[in-house]
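Structure record follows, encoded as structure tokens.
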Amino acid sequence: PQNHDGFDAVRPTRVQAKCLASTKTGAVGLRKAAIAALVPTGTFSGVFFERAAIDGVRDLSAQTDTGFIHCEAIDFIFRHNG
């Protein structure tokens with residue numbers, strides 16, 4: 001998003017993370033680790049990120065041709081200045 005002066009100061013970006021594992025416990029553990037790592041504020045490559053919001057968590061587990069895959073999907077909203 002931009003205005004006549006350049007980019008807006010803070011803008012949101014939606015990112016989905018999928019945590020895949022062979023067990024439900026494994027997928028939930030990955031989900032918890034992803035949330036712990038991605039939610040806090042921080043500056044990365046000169047871009048400041050506010051605390052992320054979680055817009056949804058879903059179980060997308062499914063049977064595949066090779067077996068059952070456990071999947072925990074997380075929708076993050078990142079607000080950043082870059």
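Worth pointing out:
- Taking segment 13-28 as the range and being outside any loop (DSSP other than H, G, I, E, B), in contact (Cβ under 8 Å) with a residue 24 or more places away in the chain and exposed (fewer than 13 other Cβ atoms within 10 Å of the Cβ) as the test, the residues that pass are T13, R14, V15, Q16.
- Residue under evaluation A9, criteria (1) loosely packed, with under 15 Cβ neighbours inside 10 Å; (2) of a type outside the set (D, E); (3) outside any loop (DSSP other than H, G, I, E, B), criterion not met: (3)
- Under the condition of being touching a strand residue (DSSP E or B) at 6+ places or on another chain (Cβ under 7 Å) and of a type outside the set (K, R), the residues counted in segment 44-66 number 14.
- Counting the residues of segment 66-82 that are over 17 Å from I35 (Cβ atoms) and at pLDDT below 95 gives 5.
- Selection count, segment 29-66, where residues are among the charged types (D, E, K, R), assigned to a loop (DSSP other than H, G, I, E, B) and surrounded by 13 or more Cβ atoms within 10 Å (Cβ to Cβ): 1
- Checking R79 against (1) open to solvent by 70 Å² or more (accessible area, probe 1.4 Å); (2) out of contact with any strand residue (DSSP E or B) (no Cβ under 6 Å at 6 or more places or on another chain); (3) among the charged types (D, E, K, R), the condition it does not meet: (2)
The values are calculated or read from the model by the stated rules, or taken from the named source; none is laboratory data. If you're wondering where the values come from, they're calculated on a predicted model, not measured in any experiment. For neighbour counting, all protein chains shown are included, and Cβ atoms are generated from backbone atoms with ideal geometry for every residue, glycine included. We work out accessible area using only protein heavy atoms, side chains counted, and drop any ligands, DNA or RNA first. Shrake-Rupley method; radii C 1.70, N 1.55, O 1.52, S 1.80 Å.
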